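Just below is one structure, and these are the notes that go with it.
The values are calculated or read from the model by the stated rules, or taken from the named source; none is laboratory data. Note that the structure is a prediction, hence the values are computed from the model and not measured. Positions of Cβ are generated from backbone atoms using ideal geometry, with glycine treated the same way; all protein chains shown enter the neighbour counts. Just the protein is used for accessible areas: all its heavy atoms, side chains included, with ligands, DNA and RNA removed. Shrake-Rupley method; radii C 1.70, N 1.55, O 1.52, S 1.80 Å.
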Amino acid sequence: MKVLFLNGPNLNLLGTREPEVYGRLTLADIEAKVRKRAAQLKTVIDFRQSNQEGELVGWIQQAKGKFDVIVINAAAYTHTSVALRDAISAVGVPTIEIHLSNIHAREEFRHKSLIAPVCRGQICGFGLKSYILGLEAAVDVNGKEK
Ligand code: CA2
């Protein structure tokens, strides 16, 4: 089974600023921990980050036939991107939305996710664990599809 992890804008800054909101781990630290859990689950992962909406859209489009599930932390594009929503919807690869922070407990503008309606589910508020839970949900979703 293959899972594509996508990370949106500014997540490359993790571990350098706002540790009270996003924790002290870098994105590379998170990737290493996800890889460890993926190996236990006999799952292959690809882990990517981009600050560009179009690049994320391209990766979603190319996932068809190559990945079984997408796990996405779309970061700020969660709240703004019709393009990401349309790509997820068009491609039809089961997609799970994740966030480090609890977006519903933060500013009003973060409460709305444009991608949530086209995702299988949303996991938020658990820091690194959101990524691990996202992976476990991906394995679960894939098992139920077969
Ligand atoms: O909680 C999450 O995972 C978010 O997707 C993170 C996004 C935010 O826009 C979403 O509302 C919730 C922000 C990612 C930016 O990460 C930073 C890391 C370090 C310093 C500043 C920003």
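Numbers below:
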{"quantity": "Percent carbon-and-sulfur accessible area, the stretch 2-145, ignoring ligands, DNA and RNA, probe 1.4 Å", "calculated": "50 percent"}
{"quantity": "Choice from T95, T43, T16 with maximal GNM fluctuation in the chain (Cα, 10 Å cutoff)", "calculated": "T16"}
{"quantity": "Heavy atoms of E145: accessible area, 1.4 Å probe, square angstrom to 10", "calculated": "100 Å²"}
{"quantity": "Mean Kyte hydropathy of 1.6 or more with a Cα span along the axis of at least 18 Å, helices from DSSP in the chain", "calculated": "none"}
{"quantity": "Per-residue ³J(HN,Hα) for the stretch 97-110, Karplus 6.51 cos²θ - 1.76 cosθ + 1.60, θ = phi - 60°, Hz, x for Gly and Pro", "calculated": "8, 10, 9, 5, 8, 7, 4, 7, 9, 10, 4, 3, 5, 8"}
{"quantity": "Assigned charges on the beta-carbon of Lys, Arg, Asp, Glu; the chain dipole about Cα centre (debye)", "calculated": "440 debye"}
{"quantity": "Accessible area of the chain divided out per residue, in Å², using a probe of 1.4 angstrom", "calculated": "50 Å²"}
{"quantity": "Nonlocal amide H pairs with T95, under 5 Å, H built at 1.01 Å", "calculated": "I70, R120"}
{"quantity": "Contact order relative to length of the chain, as percent, for alpha carbon pairs under 8 angstrom and 6 or more apart", "calculated": "27 percent"}
{"quantity": "Size descriptor, Kirkwood hydrodynamic radius, that averages inverse alpha-carbon separations across the stretch 8-139, Å", "calculated": "14.9 Å"}
{"quantity": "Label-point separation in nm, H79 to K112, each point 7 Å along Cα→Cβ", "calculated": "1.1 nm"}
{"quantity": "Difference of contour (0.36 nm per residue) and Cα-Cα distance, R37 to R120", "calculated": "27.8 nm"}
